[in-house]
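Read the structure below first, then the notes.
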Amino acid sequence: MESVLRKLGIEAINAGAACGQEALAGEGVEIASVDPTTGREIARVRLATGEQLDEVVVRAQAAWRRWRMVPAPQRGEIVREIGQALREHKEALGRLITLEVGKVTSEGAGEVQEAVDMADFACGLSRQLYGLTTHSERPAHRLYEQWHPLGVVGVITAFNFPCAVWAWNAMLALVCGDAVIWKPSLKAPLVALATHRICAEVLARRGFGDVLGLVIGQDAAVGEALVADRRLPLISATGSCRMGRRVNQVVAGRLGRCLLELGGNNAVIVHRDADQALALRAVAFGAVGTSGQRCTSTRRLFVHEDIHDDFVRRLSAAYESLPIGDPASPGTLVGPLIDGEAVAGYEAAIAAARAQGGRVLVGGSRIEGPGFFVEPTLIEIRHDAPIVHEETFAPILYVSAYRELDEAIAWQNEVEQGLSSAIFTDSFRAAERFLAHDGSDCGIANVNAGTSGAEIGGAFGGEKDTGGGREAGSDAWKHYMRRQTCTLNRGAELPLAQGVTFDLD
Ligand code: UN1
């Protein structure tokens, strides 16, 4: 355990605030980072204070003024080096993710890979920050749009993707010419310290360390101030719908911009003609992968009544044989939940499901012993039971049988969240029905692929209470820049648009 901390340069008592490579000695309270596999403390971190946040903002702003003047492809080159540094630390950082948040080894490494992918993507993007040129209606005029760096961006992340989600934001923000201040989850401070350190080192070598700031702090001391800070034109926040509502209100109150990636309550529809073996693997990975703690985790399963009993029997058998245990051991597929609170949430959801007519088919209990382990759980229940409409960050899958595809699509859409969705079918018509305007209402809609495990190339995010943001690939970069529309007149006349005349003589 110590060796991975040493390898990543974070073995000492850590300060929760940093400007680039420089740690700011803090006066904040100290918190423990806990290994969810054993319940034991890994290390302690001294939290940032409000004053330190202010210092980080001031220094990030100063660094941003210089950083925005670096040509975008040169910024891209530095981000390419960041990607290289992340590659070199992939194994150690992946192990730290396993240690601190309990992801199984391949998922820990996969998360670092996601950050590397973002760096690669952003590097290429740095030469493609295109603006549109259009034809002016006025003679001898040129009309075009250009994109400028936005400023210092605040990034709030959750424990479940303690490295990759920051990278989604930071890599784009960096090539767009912005500075970034990161407020990570207090449940994963060590991964944040290590990730920040690896990336800030690269920037510091080029004289731009302060472009990356880190503030690990409580909401009251740091989070509220960060969100309310008018010096931050954009706040990108990942977390619960409750948190997102608060962030949205405060940022809207100061007319700032928000980029929200909030809760999901993702369903898989397994249609009558589905390839069941394929569907089974996708549903199992979606529901129990990361112990059900992804925003994209599969939480609801609608199976066509003709195949329901058979499919649920096979899925139950797969659940019974899932290797649960130490996430660092090869072969383990299900690690622990993040903490005791998550275990209590799991138990409360199962109790509620039972009270609402649900029948537990597999699992249903916490696993006694050290650490925060629970049994992956399958519950047969009505699609509209209130608990089914809630997002519980745990490996609980609610199953219902449907008769008509339209009915299943309506059930899939009836929740407040709108992040990810999937259908398993070999029917062209059923697939297209699912993807039509009146099909899935989610930001992500997959056919014969599960709800979780998106690649970074597509825009990632969801509708309704998921918050409407789009991060990572595609044109998500536009959030991190300001658009300027420019009209240039090369003529000697001043024709007015819309045919308006204004003759002075
Ligand atoms: C999250 O859980 O907040 O699509 C992000 C996925 C991952 C990202 C999940 N690439 O499951």
**OP:** Give just the number: which of (1) more than 15 Å from the ligand (Cβ to nearest atom); (2) in contact with a strand residue (DSSP E or B) (Cβ under 7 Å, 6 or more places away or on another chain); (3) of a type in the set (A, V, I, L, M, F, W, C); (4) farther than 30 Å from L96 by Cβ does I324 not satisfy?
**Re:** (4)
Original post:
Going through segment 163-172 one residue at a time, which ones are open to solvent by less than 10 Å² (accessible area, probe 1.4 Å) and near the ligand (Cβ under 10 Å from one of its atoms)?
Top reply: A164, V165
Original post:
Are any residues in segment 137-162 open to solvent by 20 Å² or more (accessible area, probe 1.4 Å) and either part of a loop (DSSP other than H, G, I, E, B) or among the acidic types (D, E) (or both), and if so, which ones?
Top reply: E137, R138, P139, A140, E145, L150, A158, F159, F161
Subject >> Residue list for segment 223-247, restricted to those being within 16 Å of the ligand (Cβ to nearest atom) and in a loop (DSSP other than H, G, I, E, B) >> reply: G239, S240
Original post:
Going through segment 90-121 one residue at a time, which ones are within 19 Å of V180 (Cβ to Cβ) and either open to solvent by 10 Å² or more (accessible area, probe 1.4 Å) or in contact with a strand residue (DSSP E or B) (Cβ under 6 Å, 6 or more places away or on another chain) (or both)?
Top reply: E114, D117, D120, F121
Subject >> Where a residue in segment 109-129 is not assigned by TED's automatic domain parsing to the domain that holds L333 and its partner, wherever it lies, is within 15 Å of the ligand (Cβ to nearest atom) and open to solvent by 30 Å² or more (accessible area, probe 1.4 Å), with Cβ under 9 Å and at least six apart >> reply: G110/G453; E114/E455; D117/E455; D117/G457; F121/G457
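Out of curiosity, is T98 in a helix (DSSP H, G or I), in contact with a Pro (Cβ under 9 Å, 6 or more places away or on another chain) and hydroxyl-bearing (S, T, Y)?
Here the answer is yes, as T98 does meet what is asked.
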Original post:
For segment 110-145, how many residues meet the condition of being away from the ligand (no atom under 16 Å from the Cβ) and over 22 Å from I78 (Cβ atoms)?
Top reply: 15
Subject >> Pair list, Cβ under 6 Å, 6 or more apart: segment 295-307 residue in contact (Cβ under 8 Å) with a residue 60 or more places away in the chain, other residue among the polar types (S, T, N, Q) and away from the ligand (no atom under 12 Å from the Cβ) >> reply: R299/N265; F302/S400
**OP:** Consider only pairs whose beta carbons are under 6 Å apart and that are at least six residues apart or on different chains; among these, list those whose first residue lies in segment 76-87 and is within 9 Å of A122 (Cβ to Cβ) and whose second residue is open to solvent by 10 Å² or more (accessible area, probe 1.4 Å).
**Re:** G76/C123; V79/C123; R80/C123; G83/D120
Original post:
Scanning segment 414-449 for residues that are more than 12 Å from the ligand (Cβ to nearest atom), among the polar types (S, T, N, Q) and assigned to a strand (DSSP E or B), which turns out most open to solvent (accessible area, probe 1.4 Å)?
Top reply: Q417
Original post:
Has segment 334-353 got at least one residue that is touching a Leu at 6+ places or on another chain (Cβ under 9 Å), open to solvent by 10 Å² or more (accessible area, probe 1.4 Å) and among the aliphatic types (A, V, I, L, M)?
Top reply: no
Original post:
Within segment 248-302, can you find the residues that are touching an Asp or Glu at 6+ places or on another chain (Cβ under 9 Å), open to solvent by less than 20 Å² (accessible area, probe 1.4 Å) and more than 16 Å from the ligand (Cβ to nearest atom)?
Top reply: H271, A274, F302
**OP:** Could you check, for segment 61-74, whether at least one of its residues is charged (D, E, K, R), in contact (Cβ under 8 Å) with a residue 40 or more places away in the chain and either assigned to a helix (DSSP H, G or I) or farther than 30 Å from G325 by Cα (or both)?
**Re:** yes
Subject >> Matching residues in segment 173-222 - criterion: being among the charged types (D, E, K, R), outside any helix (DSSP H, G or I) and either open to solvent by 10 Å² or more (accessible area, probe 1.4 Å) or without any contact (Cβ under 8 Å) to a residue 60 or more places away in the chain (or both) >> reply: K183, K187, R206
**OP:** For segment 450-486, name all the residues that are away from the ligand (no atom under 15 Å from the Cβ), in a strand (DSSP E or B) and within 14 Å of L260 (Cα to Cα).
**Re:** E463, K464
**OP:** Show the residue pairs that are 6+ apart or on different chains and have beta-carbon atoms under 6 Å apart, the first residue being within segment 447-465 and closer than 21 Å to F302 by Cα and at pLDDT 95 or above, the second being part of a loop (DSSP other than H, G, I, E, B) and within 14 Å of the ligand (Cβ to nearest atom).
**Re:** T451/T296; S452/R294; S452/T296; S452/S297; G462/L419; G462/C442; G462/G443; E463/G443
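If the requirement is being part of a loop (DSSP other than H, G, I, E, B), touching a strand residue (DSSP E or B) at 6+ places or on another chain (Cβ under 7 Å), closer than 20 Å to E107 by Cα and not polar (S, T, N, Q), which of these qualifies: G264, G286? Give the steps one after another, and end with the answer.
Values: G286 fails: part of a loop (DSSP other than H, G, I, E, B).
When all the criteria are applied, what remains is G264.
The values are calculated or read from the model by the stated rules, or taken from the named source; none is laboratory data. Nothing here was measured: the structure is a model prediction, and the numbers come from that model. When we count neighbours, we look across all protein chains shown, and the Cβ atoms used for this are built from the backbone with ideal geometry, even at glycine. Just so you know, the surface numbers come from the protein's heavy atoms only, side chains and all, with ligands and any DNA or RNA stripped out. Shrake-Rupley method; radii C 1.70, N 1.55, O 1.52, S 1.80 Å.
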